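Have a look at the structure below before the remarks.
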Amino acid sequence: MATLALLNEFVSINGVNLSDHVRQGTLALEATALDSTAMGDGWNETTGGLKSGTLTIELLDDFAASNVDATLWPLFGTVVPFIVRPDAGPVSATNPNYTGTVFIAQHTVGGSLNEMAMKSLSFNTSGVVSRATS
């Protein structure tokens, strides 16, 4: 079994590579479980419903031009494309590329005394999320 230590995750929002500021990135996907059990079944039955997802990223904040805050602030309240993959290297069977769009519903500024300035954000996916290996 091959394992992977996340050391160089790739995260792009609206075509801007933010990987050099990412501390954590998680794309969580789920399908609604609908109870399709009917009289006489004897066991619960489940049918898959709508799918959804959340892209959660933790970024070291940067207020310089063309960086984290300057990239995300104008996107607040819009739907934009994202790309996430385990490593910044080429897309492959062992480094799949996940793409889709997210609704930028949050923006944060600030933090705690004597800690790195960070943004911890969660964005809901909007529409289909795709996985590619080439």
Flagged in region 66-85 as touching a helix residue (DSSP H, G or I) at 6+ places or on another chain (Cβ under 8 Å) and either surrounded by fewer than 18 Cβ atoms within 10 Å (Cβ to Cβ) or among the charged types (D, E, K, R) (or both), in numbering order, are N67
Could we say that T46 is within 23 Å of L4 (Cβ to Cβ) and either touching a strand residue (DSSP E or B) at 6+ places or on another chain (Cβ under 9 Å) or surrounded by 16 or more Cβ atoms within 10 Å (Cβ to Cβ) (or both) here? no
Mind listing whichever residues of region 15-35 are part of a loop (DSSP other than H, G, I, E, B) and under 12 Å from L55 (Cβ atoms)? L18
Looking at A88, A38 in this structure, which one is part of a loop (DSSP other than H, G, I, E, B), at pLDDT 95 or above, hydrophobic (A, V, I, L, M, F, W, C) and surrounded by 13 or more Cβ atoms within 10 Å (Cβ to Cβ)? A88
Considering residues that are among the small types (G, A, S) and within 18 Å of N14 (Cβ to Cβ), the number found within region 82-127 is 6
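The values are calculated or read from the model by the stated rules, or taken from the named source; none is laboratory data. Computed from a predicted model, the values in this text were never measured in an experiment. So basically every Cβ, Gly included, is an ideal-geometry build from the backbone, and we count neighbours across all protein chains shown.
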